[in-house]
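Input: a single structure, listed below in structure tokens.
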Amino acid sequence: AVNAVGGDVKRQGAHVARAFGAQREMLEEVSGRAKPQSDEELMGMLLATQDALGAIDEINEGAGALRKHTAMVAGAMTAFGWVTAAEPRQYIGDMLNAVPVYGRQILQEHKGPEHAALVESLKYLLRGLQEYVGAYHPSGLAWDTKGGAPQGGPGAAGGAQAPAVRA
């Protein structure tokens, strides 16, 4: 969907894929290690995701004609903050509920099917994230209860690919 809309939205799409990939790598690390001793260590594990989200926000801040589209994407991607939320599934749900706000405005102004596909794709992505989190991290990040030693820094899982994003 981001490719069909094009422009700044397409540019954001590359960073959305990067954010999903970074979070996937971080979750792989979480599953094999004990909870960090400090908030700083946890924040270090989130750097790659934060970098991708920063790029998404930067594109949104400079967006022109597709500003509502980029704002919707940027707002939806704040769902990645679930990793620090007390109720992660609800946190993602709140971000999911915000998508239709911009979505309605976009669909009133842009009649092409690519715009509807973008709105639906974002909802699809967030619903999938919400289902995953509800199944595997319902009370927050599920650290290795055996207390395994850290396997390295961010990206240590190696080779993880970003999930497929519907176009």
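The values are calculated or read from the model by the stated rules, or taken from the named source; none is laboratory data. Owing to the predicted nature of the structure, the values given are computational and were not obtained by experimental measurement. Please note: Cβ atoms are built from the backbone with ideal geometry, for glycine as well, and neighbour counts cover all protein chains shown. These area figures cover heavy atoms from the full protein model, side chains too; ligands, DNA and RNA do not enter into them. Shrake-Rupley method; radii C 1.70, N 1.55, O 1.52, S 1.80 Å.
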### Message
Checking the structure you have, find out if any residue of the stretch 56-77 is farther than 22 Å from residue 120 by Cα, open to solvent by less than 20 Å² (accessible area, probe 1.4 Å) and of a type outside the set (Ser, Thr, Tyr).
### Response
no
#### Entry: Qualifying residue in the stretch 61-73 (condition: closer than 26 Å to residue 134 by Cβ and not small (Gly, Ala, Ser))
yes
### Index of the failed condition, residue 1 passing every other in (1) surrounded by fewer than 19 Cβ atoms within 10 Å (Cβ to Cβ); (2) at pLDDT below 95; (3) closer than 19 Å to residue 128 by Cα
(1)
### Query
Taking only pairs six or more apart or across chains, which ones have beta-carbon atoms under 7 Å, a first residue in the stretch 23-47 that is more than 16 Å from residue 82 (Cα to Cα), and a second residue that is open to solvent by 80 Å² or more (accessible area, probe 1.4 Å) and not hydroxyl-bearing (Ser, Thr, Tyr)?
29/151; 32/151; 33/151
### Query
Can you pull out the residues in the stretch 79-95 that are open to solvent by less than 50 Å² (accessible area, probe 1.4 Å) and either of a type in the set (Phe, Trp, Tyr) or not in a helix (DSSP H, G or I) (or both)?
80, 82, 85
### Query
Is there any pair linking a residue in the stretch 53-65 that is in contact (Cβ under 8 Å) with a residue 12 or more places away in the chain to one that is among the basic types (Lys, Arg) and assigned to a helix (DSSP H, G or I), with Cβ under 7 Å and at least six apart or on different chains, and which?
59/11
### Task
Only one of these is open to solvent by 50 Å² or more (accessible area, probe 1.4 Å), of a type in the set (Lys, Arg) and more than 12 Å from the chain's Cα centre (by Cα): 24, 18, 11. Name it.
11
#### Entry: the stretch 111-167 - residue that is among the charged types (D, E, K, R) and modelled with pLDDT of 90 or more and, of those, most open to solvent (accessible area, probe 1.4 Å)
131
### Message
Criterion first (modelled with pLDDT of 95 or more, among the small types (Gly, Ala, Ser) and assigned to a helix (DSSP H, G or I)) does residue 98 satisfy it?
### Response
no
### Message
Please go through the stretch 79-109 and give me each residue that is over 17 Å from residue 53 (Cα atoms), out of contact with any Gly (no Cβ under 9 Å at 6 or more places or on another chain) and without any contact (Cβ under 8 Å) to a residue 40 or more places away in the chain, ordered by number.
### Response
90, 93, 94, 97, 100, 103, 104, 105, 106, 107, 108
